[in-house]
Amino acid sequence: MMNIRKAEARGGANHGWLDTKHTFSFANYYDERHMGFRSLRVINEDRVIPGAGFGTHPHRDMEIISYVLAGGLAHKDSMGTGSVIQPGDVQRMSAGTGVFHSEFNASKVDPVHFLQIWLLPDELGVAPGYEQKTFAASDKQGRLKLVASPDGQDGSVRIHSSTRLYAGLFRKGERSELPLAKDRHAWVHVARGEVQLNGQTLKAGDGAALSNEGLVKVEGVSDGEVLVFDLA
């Protein structure tokens, strides 16, 4: 069974400095039908103008992944970590017992476009942590590359969640399949372009929940980029 959530059905707001779209309920957007899917709690698609960003604020007991689509995102946190996240990077911050951080557009000229993803952890009260890795486009082209997992398999970032996150780039006609175990579910988010998912066409911003499906089948229609969450 597959349930599609169209891009235009998402919540969100335009604050001038921030144009944001919320796949699931977040901040002032609330829809009891869309509170998350399994352990996936947040997918926010954010566009931030040059020089602006989110000032220092707290998080706890959440696995937070930042995935940049264009531009650079400057990150600083109370663990002493400072970095600029760019396309190809996957950043994981485990909030655990509590962490403060800020996120700003690293450029004074160009906007930044990124996804912020929240996953509920399997265990509460872990020590805060940070990890960032770069995954080459060639490793994701025409395939689904594991970029986050609970065991750090295949060089993925390690998360405190039984979720496995894959990223893929698909030109027209390129295809890949991901088997799903009987007790697993999937959420697919189209970050850009257009793809076919199990025979259904999805465009940028669309998402889909899959349950009782043996395979996630992705085929490129027009230079698509997708994230696939394999969820307990």
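What to note about this one:
- Taking each residue of segment 76-105 that is in contact (Cβ under 8 Å) with a residue 12 or more places away in the chain and looking for partners that are among the aromatic types (Phe, Trp, Tyr) and assigned to a loop (DSSP other than H, G, I, E, B) with beta-carbon atoms closer than 6 Å, six or more apart or interchain, yields Gly88/Phe135.
- The residues of segment 109-165 that are polar (S, T, N, Q), part of a loop (DSSP other than H, G, I, E, B) and either crowded, with 19+ Cβ neighbours inside 10 Å or modelled with pLDDT under 95 (or both), listed by number, are Ser156, Ser161, Thr163.
- Pairs with Cβ under 7 Å, 6+ apart, first in segment 148-175 and over 11 Å from Val90 (Cα atoms) and of a type in the set (A, V, I, L, M), second modelled with pLDDT of 95 or more and in a helix (DSSP H, G or I): Leu169/Ala137; Leu169/Lys140
- Tallying residues that are touching a residue at least 12 places away in the same chain (Cβ under 8 Å) and under 29 Å from Gly199 (Cβ atoms) within segment 26-56 yields 12.
- Asn105 being touching a Leu at 6+ places or on another chain (Cβ under 8 Å), of a type in the set (S, T, N, Q), within 24 Å of Thr56 (Cα to Cα) and buried (at least 17 other Cβ atoms within 10 Å of the Cβ): yes
- Selection status of Val228, within 18 Å of Asp89 (Cα to Cα), β-branched (Val, Ile, Thr) and either without any contact (Cβ under 8 Å) to a residue 24 or more places away in the chain or out of contact with any Lys or Arg (no Cβ under 7 Å at 6 or more places or on another chain) (or both): yes
- Taking strands (runs of 3 or more DSSP E) as the structural unit, those lying wholly within segment 172-212 and holding at least 1 residues that are in contact with a Phe, Trp or Tyr (Cβ under 8 Å, 6 or more places away or on another chain) and either β-branched (Val, Ile, Thr) or modelled with pLDDT under 95 (or both) correspond to 185-197.
- Scanning segment 3-25 for residues that are hydroxyl-bearing (Ser, Thr, Tyr), crowded, with 19+ Cβ neighbours inside 10 Å and free of Cβ contacts under 8 Å to residues at least 60 places away in the same chain turns up just one, Thr20.
- Residues located in segment 193-214, provided they are within 18 Å of Gly173 (Cα to Cα) and surrounded by fewer than 23 Cβ atoms within 10 Å (Cβ to Cβ): Gly193, Glu194, Gln196, Asn198, Gly199, Gln200, Thr201, Lys203, Ala204
- Some residue of segment 87-101 being under 15 Å from Leu165 (Cβ atoms) and among the aliphatic types (A, V, I, L, M): yes
- Evaluation of Arg33 against (1) surrounded by fewer than 19 Cβ atoms within 10 Å (Cβ to Cβ); (2) under 30 Å from Leu146 (Cβ atoms); (3) of a type in the set (Lys, Arg) (one fails), failing number: (2)
- Count of segment 7-25 residues which are among the hydroxyl-bearing types (Ser, Thr, Tyr) and closer than 20 Å to Gly193 by Cβ: 1
The values are calculated or read from the model by the stated rules, or taken from the named source; none is laboratory data. All figures in this text were calculated on a predicted structure; none of them were measured in a lab. We place every Cβ from the backbone using ideal geometry, glycine too, and count neighbours over all the protein chains shown.
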